[in-house]
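To keep things clear, I will list the structure first and then write my remarks on it.
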Amino acid sequence: MAPSLYIHIPFCKRKCFYCNFYSDVYGDTSASSYIDVLIGQIKKIGTVPEGDCPYFSTIYIGGGTPTSLDKKLLVRLLKSFEQYSRSASEFTIEANPESLDEDKIKLFLDSGVNRISIGVQSLRDDKLKKLGRIHTAKKAIDSVHLASKKGFKNISIDLMFGIWGEDIASWKKELVEAVKLPADHVSCYELTYENGTPLFAALKNKSVTPLEDDVTAAMYELVIDELGLRGIKQYEVSNFAKIGCECKHNINYWENNEYIGLGPSAVSYIEGVRAKNISDVGEYVKRLNEGKSIIESSEHLTPVKRARETAAIKIRTKEGIDFKWFKDKTGFDLQELEKNAIKDLLAKDLIKYKRENNLPSGIVLKRKGFLFCDTVSSAMM
Ligand code: SF4
C-alpha cells in the first residue's frame, strides 16, 4: 500500500491558550521561506510514473493553520504536488474559520482537495474566548456553510468539550446545533491541560478549576449517543462519521501503515523507522538551505515493538482488532503477544472478544474501554 503524506503548516494567527502543537505566529517572510523549502522537499520525492498506482494513498495538509497562509503561498504549495494529489484517494486540508474564504475554498477544490476539516471547536462565543480562539461561533457556522455551498462534499468539524464552567445541558445543546451543520464527520476532543501552555499555568495558579471526571465522562458519552442517534457513528475514540465519510488518512495511521511527514515536528514512519523532524521552523528552513538533516530523532522499531504499537493504536477503533488481520499485518499472534494485557483488560471489563461462529475472532473496546482508552493502549505497549 502506498504511504500517506502529511504536510505540516506551522503557523497560526495567534496561539490558543490550550495548544501544545508546534506552531509559530504567522509572519509573511518566514511563511514564504518555509514554503520555498517545502516545495524543494516535495520536488525531491520523485516523479509519479504514468498509470502507476498512487504515490501517496492519502494526503493531509494540517497544522498549525494551513489557511493562515496567504493565497499566493497556497497556490505555490498546492501546485508543487499536483502530480501526487491526482491519484490520492483522499486529500484533506485543515482550515480555521477566521482565515477561510471563498477564494481559498475555490483554490482547494480546483487543486484536487476533496476533504476539508474545519476547526470549529465550539458554537458558543464564551467557550471560544476561554480557549483563546480568535473566531466567533457565527464565523464558524458561516465557514462550514460556505465550504458546503461552494462544493465541498466531505466536511469534517472539530469540537471540544470539558471546558471549565461548562455543564452537561449546554454541551448537549451545542452538540445538537453542531449536527445540523452540513458536516458528515466530527472529531470531538476533551480539553486537556498540557504542560507549557497558558492554560496549564492557569490551572497551576488555580484561576481555572477543571471539571470533575464524572462530568467529562458523561459529556463524552453524550457525544457517542447524540451523534450516533443522528447517523454520525463512532469509528474511533474521538472520531465520528456518516457511513463512507470516515477519514482514510487517519485510518492509515490507526492501521500503523507507512507515512511521510514534511515540516517541523512532523513524523515519518517508513520501513520500520520512525523519524521526527526538529520543531523549529527557522532552524528547519536554515538546515534545508544548508543541505543538512532536519531529523531530530529516529528509532528503528523491532518487529515485536511494531506489532505492539499496532495493537495499541488499532484497539482505539470501533471495529477493534481481528486476530487474522493482526497476524497478516504483523506476523504475530495477538493472543500470544498480548496474553497478559488481554487477560487483565477483560477482567477490568474494558475490552471484550469479537466472535465468529462462536469462537473468539478478535478483541474490541467495551463502552467503558472507550472512557479509559489510554489505559488500554498503554497495557498493550
Ligand atoms: S489554531 Fe490550532 S494549531 Fe493553532 S494555536 Fe490554535 S489549536 Fe494550536
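Just so you know, all these numbers are worked out from the coordinates, no wet-lab data involved. Every value quoted in this text rests on a predicted model; they were computed, and no experiment measured them. Every residue, glycine among them, receives a Cβ derived from its backbone with ideal geometry; neighbour counts consider all protein chains shown.
What whole-number distance in Å separates the alpha-carbon centres of the stretch 326-361 and the stretch 94-159?
One Cα centre to the other: 40 Å.
Taking the Cα atoms of the stretch 1-98 alone, what are Rg (to one decimal) and Dmax (as a whole number) in Å?
14.2, 47
Amide H of SER361: which non-local residues (sequence gap of 5 or more, or other chain) have their own amide H closer than 5 Å, using H built in the peptide plane?
Those lying under 5 Å, H to H, from SER361 are LYS354, ARG355, GLU356.
How do 347-358, 86-97 rank on mean C-beta neighbours within 10 Å, highest first?
Numbers: 347-358: 13.6, 86-97: 22.3.
Going from most to least packed, we get 86-97, 347-358.
Relative contact order for the stretch 320-380 using alpha-carbon pairs under 8 Å, separation at least 6, rounded to a whole percent?
After rounding, I find 33 percent.
List the aspartates and glutamates whose Cα sits under 18 Å from the Cα of LYS329, skipping any in the same chain fewer than 8 residues away.
Of all the aspartates and glutamates, those that pass the test against LYS329 - Cα under 18 Å, at least 8 places apart if same chain - are GLU255, GLU258, GLU271, GLU309, GLU319, GLU338.
Over the stretch 119-165, what portion of Cα pair distances is larger than 14 Å, expressed as a whole percent?
Distances greater than 14 Å cover 49 percent of the Cα pairs.
If the convex hull of the alpha-carbon atoms of the chain is projected onto planes in all directions, what is the mean projected area in square nanometres?
For the Cα atoms of the chain, the hull's average projected area reads 19.8 nm².
Once phi is turned into θ = phi - 60°, what whole-Hz ³J(HN,Hα) does the Karplus curve with 6.51, -1.76 and 1.60 give for every residue of the stretch 94-107, x standing for Gly and Pro?
8, 9, 10, x, 5, 10, 9, 9, 4, 4, 5, 4, 4, 4
Would you work out the relative contact order for the chain, in percent, from Cα pairs under 8 angstrom that are 6 or more residues apart?
Contact order relative to length: 14 percent.
Can you give the charge dipole size of the chain about its Cα centre, rounded to the nearest 20 debye, using +1 on the beta carbon of Lys and Arg and -1 on the beta carbon of Asp and Glu?
That gives a dipole near 220 debye.
Can you grab the distance from the C-alpha centre of the stretch 259-308 to the C-alpha centre of the stretch 219-233, Å, no decimals?
Taking the Cα centre of the stretch 219-233 as reference, the centre of the stretch 259-308 is 36 Å away.
Cross-link list LYS104/LYS150; LYS13/LYS153; LYS173/LYS368: which exceed 22 angstrom alpha carbon to alpha carbon?
As for pairs spanning more than 22 Å Cα to Cα, those are LYS13/LYS153; LYS173/LYS368.
Using just the alpha carbons, could you tell me how many Å³ per residue the convex hull of the stretch 320-380 encloses?
79 Å³
Could you work out the relative contact order of the stretch 253-381, using alpha carbon pairs under 8 angstrom and six or more residues apart, expressed as a whole percent?
Rounded, it is 20 percent for the stretch 253-381.
Quick check on the exposure proxy: order ASP328, ASP322, ASP101 from fewest to most C-beta atoms within 10 angstrom.
ASP328, ASP101, ASP322
Between ILE270 and GLU356, what's the calculated FRET efficiency when r is the beta-carbon distance and R0 is 35 Å? Round to 0.05.
0.55
Mind checking Rg over Rh on the stretch 71-174, alpha carbons, Kirkwood formula for Rh?
Values: Rg = 15.6 Å, Rh = 14.9 Å.
Reported Rg/Rh, Kirkwood definition of Rh: 1.05.
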